[in-house]
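S.K.: Please see the structure below; I have some questions.
Every number here is computed from the coordinates shown, using simple stated rules; none is lab data. Values in this document were obtained by computation on a predicted structure and should not be read as measured data. So basically every Cβ, Gly included, is an ideal-geometry build from the backbone, and we count neighbours across all protein chains shown.
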Amino acid sequence: MSVTGTTISTPSVERSIDMTPSQRRTFDELIRAERTAALDEGAIGRVRARLHDAVRGSPGAAVRLGKAGLNDLARCPGLFDAVRAGERGPFAFSGRFAAGRLAHKAVELEVAGRDERDSYGLIEAAAVRLVEDDAFAAYWNGLDPLRRDESLMDAAKTLELFRSTFPPLRVMRRALAPSTEWHVRVELLGGALVLSGTLDLVLGVSDDLAAPSRLAIDLKTGRAWPEHAEDMRFYALLLALRFGVPPYRVATLYLDSGEWQSEDVDERVLHRAADRVIDAVRAAAASNAGRPFELRPGPYCTWCPRSSTCPVSQAAAR
């Protein structure tokens, strides 16, 4: 499998679909832009072998990892260990997080729906779906009507930004095969290592399943952070291990600005993601064996479960 210097092709249906300049830019410069990276047939096997060797060399309890755990480890091994040990309190919805959930559900309904709907109506339909989840329902039902309306409006704004940035995915389903909220799970060595994640948007823009043909996109509001690129490399690894074929490109798209940071997937990208997973496997093994680890203070100390007892915590010092 080797693909380089090629343009991802899509059926000619795109020519008959009207797009705004912003939508056309995303289509031409992100989705269909020429692919420059290449992978040979043994690349994924080499990456998988490295992960297997790391797990065999670090015996202990099964390790389950997602992008959040990998980012915790990059910040501080103490934070990683505390969260992995279950010391973080139960998840609680905030207004910002609830609006994000509403917007993501609305994008899902937008892509999957048969009929065009106005943004606010789609957001209201998303809220109806989400209250089927007990945690969201408890938060949502506890809001006064004004707060609910504010959350709905915030989510509607995000949905409009999505619609203004992407080509009409509902209309182009056959050409782009979009999938939203795509949960992927990989088990290695009989479950000794489990990797999982949920991708916001995956476009499959080719019928050739033996070649890299997927584009994985994370949707964000706000500004870029360094871990966003690492998150997408992890998703590239996850898809490569799960399907035996990586995405041709991964991207984080910032809806506020319509800009994105993207990376074509080659073996280097997969090994970089594997490096972070291997570091996490070794950190978990060290913790299980009772070996000390380096503590690295930073702004994240404020949300670490051990902030009040950690000897280097910046939160404890304030």
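S.K.: Could you tell me how far the Cα centroid of the stretch 15-85 sits from the Cα centroid of the stretch 99-132, in Å?
M.R.: 27
S.K.: Can you list the GluC sites (Glu not before Pro) in the stretch 226-318 that are in a DSSP coil and have 14 or fewer other beta carbons within 10 angstrom?
M.R.: Sites meeting the loop and neighbour criteria: GLU294.
S.K.: Per DSSP H run of n ≥ 4, the term is -39500 (n - 2.57); total these for the chain, divide by its residue number, and report the mean residue ellipticity at 222 nm rounded to 500 deg cm²/dmol.
M.R.: Helix-only estimate at 222 nm: -14000 deg cm²/dmol.
S.K.: Shape of the stretch 105-226 from its Cα gyration tensor (a ≥ b ≥ c, root eigenvalues): rounded if a/c is under 1.5, otherwise prolate when a/b > b/c, or oblate?
M.R.: Oblate.
S.K.: Which ordering of ILE123, ILE17, ILE31 is given by a fewest-first count of other beta-carbon atoms within 10 Å?
M.R.: Exposure proxy ranking, most exposed first: ILE17, ILE31, ILE123.
S.K.: Relative contact order (percent) for the stretch 95-165, with alpha-carbon contacts under 8 angstrom and 6 or more residues of separation?
M.R.: For the stretch 95-165, the relative contact order is 46 percent.
S.K.: Let me ask something additional. Once a ≥ b ≥ c are taken as the square roots of the eigenvalues of the Cα gyration tensor of the stretch 143-296, is the result rounded (a/c under 1.5), prolate (a/b larger than b/c) or oblate (a/b not larger than b/c)?
M.R.: Judged from the Cα gyration tensor, the stretch 143-296 comes out oblate (a/c at least 1.5, b/c at or above a/b).
S.K.: Going by how many other beta carbons lie within 10 Å of each one, how would you line up CYS304, CYS310, CYS76, fewest first?
M.R.: The fewest-first ordering by Cβ neighbours comes to CYS310, CYS76, CYS304.
S.K.: Right, next: Pairs of alpha-carbon atoms within less than 8 angstrom and 6+ residues apart define the contacts here; what relative contact order does the chain have, in percent?
M.R.: The value is 24 percent.
S.K.: With a cut-off of at most 16 other beta carbons within 10 Å, and DSSP calling the residue loop, which chymotrypsin sites (Phe, Trp or Tyr not before Pro) in the stretch 212-297 qualify? Please list them.
M.R.: Counting only loop positions with at most 16 other Cβ atoms within 10 Å, the chymotrypsin sites (Phe, Trp or Tyr not before Pro) in the stretch 212-297 are PHE293.
S.K.: Does the chain come out rounded, prolate or oblate by the C-alpha gyration tensor, with a ≥ b ≥ c the root eigenvalues, rounded set by a/c under 1.5 and, if not, prolate when a/b is larger than b/c and oblate if not?
M.R.: Taking the square roots of the gyration eigenvalues as a ≥ b ≥ c, the chain is oblate.
S.K.: Would you please name the trypsin sites (Lys or Arg not before Pro) within the stretch 213-277 that are DSSP coil residues with at most 11 other C-beta atoms within 10 Å of their C-beta?
M.R.: Filter output for the stretch 213-277: ARG223.
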